1. Can you name the residue in region 1-20 that is more than 11 Å from the chain's Cα centre (by Cα) and assigned to a loop (DSSP other than H, G, I, E, B) and, of all such residues, is farthest from T90 (Cα to Cα)?
2. Would you point out the residue of region 1-15, among those that are β-branched (V, I, T) and closer than 22 Å to A33 by Cβ, that is most open to solvent (accessible area, probe 1.4 Å)?
3. What number of residues in region 15-41 are more than 14 Å from A97 (Cβ to Cβ), modelled with pLDDT of 95 or more and of a type outside the set (A, V, I, L, M)?
4. Return the residues of region 25-58 that are of a type outside the set (V, I, T) and more than 21 Å from Q110 (Cβ to Cβ); say none if nothing qualifies.
5. So in region 80-115, with the set limited to residues that are of a type in the set (S, T, N, Q) and in contact with an Asp or Glu (Cβ under 8 Å, 6 or more places away or on another chain), which one is farthest from A49 (Cα to Cα)?
6. Across region 81-107, what is the total count of residues that are farther than 23 Å from Q1 by Cβ, out of contact with any strand residue (DSSP E or B) (no Cβ under 7 Å at 6 or more places or on another chain) and not in a loop (DSSP other than H, G, I, E, B)?
7. For residues in region 81-115 being open to solvent by 10 Å² or more (accessible area, probe 1.4 Å) and hydrophobic (A, V, I, L, M, F, W, C), which is farthest from the chain's Cα centre (by Cα)?
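The values are calculated or read from the model by the stated rules, or taken from the named source; none is laboratory data. Computed from a predicted structure; not experimentally measured. Counting neighbours? That spans all protein chains shown, and the Cβs are built from the backbone with ideal geometry, glycine included. Accessible surface areas use protein heavy atoms only, side chains included; no ligands, DNA or RNA. Shrake-Rupley method; radii C 1.70, N 1.55, O 1.52, S 1.80 Å.
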Amino acid sequence: QVQLVESGGGLVQPGGSLRLSCVASGSISSIAAMGWYRQAPGKQREVVATITNGGSTNYRDSVKDRFTISRDNAKNTVYLQMNSLKPEDTAVYYCTAVSLSRAYWGQGTQVTVSS
């Protein structure tokens, strides 16, 4: 079992920045990859960025060059640095971890980009 707790969401103006954090606990040694998804009202959940144990990263096209995913293994934490935020980035952001072919999810944190 893996537990995930996100933090760092909030209200920010267009062009602003936020950093999301996700702390993992439980069977963390079995985690193969972690990532961030988001879900806007009325839309399907979509992948934002992922990072493997080896440090390989992937981003959806709309956030490339604006968002950066990273992990601190010593703190069992994955981060999502979000810069140049746009109104279309507004969503609930979920942390996810893949362990033994099973996906675990956090409770989500709201990000609202609005003037």
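1. Looking at residues that are more than 11 Å from the chain's Cα centre (by Cα) and assigned to a loop (DSSP other than H, G, I, E, B), I get Q1.
2. First, the residues of region 1-15 that are β-branched (V, I, T): 2, 5, 12.
Pick out the ones that are also closer than 22 Å to A33 by Cβ and you get 2, 5.
On the way: V2: 11, V5: 88 Å².
For region 1-15, the residue satisfying everything is V5.
3. Qualifying residue count for the region: 6.
4. Taking region 25-58 and keeping what is of a type outside the set (V, I, T), we get 25-27, 29-30, 32-46, 49, 53-56, 58.
If the condition is that a residue be of a type outside the set (V, I, T) and more than 21 Å from Q110 (Cβ to Cβ), then S25, G26, S27, S29, S30, A32, A33, N53, G54, G55, S56, N58 are the ones that fit.
5. Of everything passing the filter in region 80-115, Q107 is farthest from A49 (Cα to Cα).
6. Of the residues in that region, 1 qualify.
7. Here the residue is L100.
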